[in-house]
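Student: Before we start, here is the structure in question, set down as structure tokens.
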Amino acid sequence: MIDPENDEVSVRSISRSMNLLSAFIVALIGAIPWVLLASLINLAVLAPLSLFIVYLICDKYAFKYSSILVTLGLITYGSLLIKNGAIPEGSASYRSLIRLAIVLILPVLYLCTRNQKIRKVVAVNTLVLIVGLFVAEGTLRVISPIKIEQDKWSELLSSFAEAPKPEVKPVISEMPYGRLTTDQPKIYDHRILFYGGSTTFGREVSDKDTYPSQTQRLFTAAGKKVLVENRGVIGAAAVHLIPGLMAELGDSQFAAGPFKGHMQQRVINGDIVVFYIGVNEAKNALFFRNPIARLSGRFTYFENTSNWIFKNTNLGYVLNNLLGVGQFSVDENSLSESSDALIQINEFVSSRGGRFIPILQGHALTRSDPLDYESAIKESMGNFPDAIELVYPRLAEMIFSFEHSADATKIFDNLNTSPFFDWCHTDKLGNKVISEFMFNLLQPLIAKAS
């Protein structure tokens with residue numbers, strides 16, 4: 001027997017559930033720009049949460065002027081969140097535009113979806129779009145453009161006798177501040193702290209074959225009581241390394257785990273702080289004239305998210321290739337930020353009795369007489385090498401303005417085989433060359449300090 005009353009209750013229950021779901025989905029849509037462009041993520045998530053709460057309240061207690069008041073309230077609330085640091089200011093040319101867009105996204109979304117029926121249509125279409133993206137990704141996985149690209153680099157490596165041979169399973173031990181340097185002495189008189197990006201971290205090789213580890217062994221063999229630390233961070237430029245360098249946490253000893261008993265110290269008197277940089281600074285100073293590249297250069301969460309999508313999904317990889325066309329442009333703001341970062345680092349290290357040494361790193365595109373394999377790398381990268389050659393002299397001028405700077409762009413010139421897995425990441429032979437350069441550069445400073 002059919003119970004109309006129960007049927008009506010079920011319909012109302014389903015309707016409420018659909019309304020909650022649609023409100024949640026639309027709020028998530030509003031959350032995307034706030035989260036991707038956030039500086040303080042905990043503040044940023046408050047904005048879409050407020051939109052979800054507004055939907056629930058207005059659906060139940062709507063009155064004549066509620067839309068106007070809610071719109072003004074969301075604009076005011078968004079402005080206050082940005083004023084309190086939820087979204088960074090960005091460059092001068094983008095500051096007003098980005099702030100205005102972020103502040104207006106929730107009010108506009110609210111005005112367009114005040115009606116529950118419209119909101120549900122938006123939510124349903126969003127779900128259909130998400131399903132479509134998954135279907136497209138599944139279809140592309142059959143073709144696998146990412147694997148095609150990986151195979152291209154593998155084929156390039158195997159096609160030339162002078163190309164390096166990748167290590168199958170390198171031993172990688174991460175430290176809280178970077179990567180493990182092997183063969184460190186228990187007693188030492190001096191410290192050398194190497195900062196840099198993935199070329200310093202050295203994930204292509206095992207712990208013992210990174211250039212900091214090889215530099216450590218050179219100093220030990222020379223009878224010098226020197227402790228070398230690898231403070232490389234994958235993907236980091238100088239501007240990204242400042243927080244780790246300047247963390248005023250004092251000295252801390254790890255009480256447990258694989259690094260038990262190891263001391264982590266901030267910069268102290270007598271330290272030599274080396275920044276082996278150039279590659280990431282150059283990449284950050286170049287961008288295609290498309291919105292994704294522009295935003296990636298200015299907002300960390302946006303850059304991390306877009307990079308993950310482009311590297312781990314075939315759909316994102318295809319999209320990135322479609323957008324990555326045309327000529328590169330130089331981001332003057334990025335170059336200015338790099339310059340300011342180096343000045344700030346120098347002042348910080350010097351004020352604590354340390355010595356700051358920025359070094360312009362070499363790569364496959366800086367070799368005076370590239371091998372055939374390295375020429376093939378250059379040819380496979382489109383107009384990117386030309387763009388790097390355009391911006392690298394600007395970085396050189398910036399780095400060499402410091403008293404104790406050094407130039408490492410030609411240190412690979414005399415090699416008969418190539419140390420490069422791609423245009424910048426090196427094998428253990430390349431790291432050996434870097435370590436010898438570092439040893440010859442830093443040994444006189446250590447001897448003088450002794």
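Student: Below 13 angstrom from the Cβ of residue 309, what's the summed charge of the other residues (Lys, Arg +1; Asp, Glu -1)?
Tutor: Result for the neighbourhood of residue 309: -1.
Student: Moving to a separate point now. Going by average Cβ density within 10 Å per residue, which order do the peptides 363-375, 308-320, 416-428 take, highest to lowest?
Tutor: My ranking of the peptides, most packed first, is 416-428, 363-375, 308-320.
Student: For a quick protection proxy, order the peptides 212-221, 342-351 by their average other-Cβ count within 10 Å, most packed first.
Tutor: My ranking of the peptides, most packed first, is 212-221, 342-351.
Student: How big is the equivalent ellipsoid of the stretch 4-134 along its three axes, where each semi-axis is √(5λ) from the Cα gyration tensor, reported in whole Å from largest to smallest?
Tutor: With the √(5λ) rule applied to the stretch 4-134, the semi-axes are 31, 18, 12 Å.
Student: Sticking with this structure for a sec: Report D for the chain in µm² per second (integer): Stokes-Einstein, Kirkwood Rh on Cα pairs, 10 °C, 1.306 mPa s.
Tutor: After rounding, the answer is 63 µm²/s.
Student: A further question on this structure: For a quick check of your reading of the filter: which trypsin sites (Lys or Arg not before Pro) in the stretch 8-76 sit in a DSSP loop and have no more than 15 other Cβ atoms within 10 Å?
Tutor: 64
Student: Residues with beta-carbon under 13 Å from that of residue 340, excluding residue 340: net charge, scoring Lys, Arg +1 and Asp, Glu -1?
Tutor: Spelling it out: positives minus negatives among the neighbours equals -4.
Student: Determine, for the stretch 4-134, the count of lysine pairs separated by eight or more sequence positions (or lying on different chains) whose alpha-carbon distance falls under 24 Å.
Tutor: Lysine pair count for the stretch 4-134: 4.
Student: How big is the antiparallel share of DSSP beta bridges in the chain, given as a percent to the nearest 5?
Tutor: Looking only at bridges with both residues in the chain, the antiparallel portion is about 30 percent.
Student: In degrees between 0 and 90, to the nearest 10, how far off the longest principal axis of the chain does helix 428-449 point, with axes built from Cα atoms?
Tutor: 70 degrees
Student: OK, next. Return the sequence-ordered ³J(HN,Hα) values of the stretch 155-168 in whole Hz as given by the Karplus equation 6.51 cos²θ - 1.76 cosθ + 1.60 applied to θ = phi - 60°, using x for Gly and Pro.
Tutor: Each residue of the stretch 155-168 in turn: 5, 5, 5, 7, 8, 10, 5, 7, 6, x, 9, x, 6, 5 Hz.
Student: Tally Lys and Arg at +1 and Asp and Glu at -1 over the other residues with C-beta under 12 Å from the C-beta of residue 285: what net charge comes out?
Tutor: -2
Student: Sticking with this structure for a sec: Set the bar at 22 Å for Cα to Cα. Now go through 186/208; 165/283; 147/208; 311/428; 152/208 and name every pair that lies beyond it.
Tutor: From 186/208; 165/283; 147/208; 311/428; 152/208, over 22 Å: 165/283; 147/208; 311/428; 152/208.
Since every read-out is calculated from the coordinates, none of them should be taken as a lab result. Just so it is clear, the model here is predicted, and its values are computed rather than measured. Neighbour counts are summed over all protein chains in view; Cβ atoms, including those assigned to glycine, are modelled from backbone coordinates with ideal geometry.
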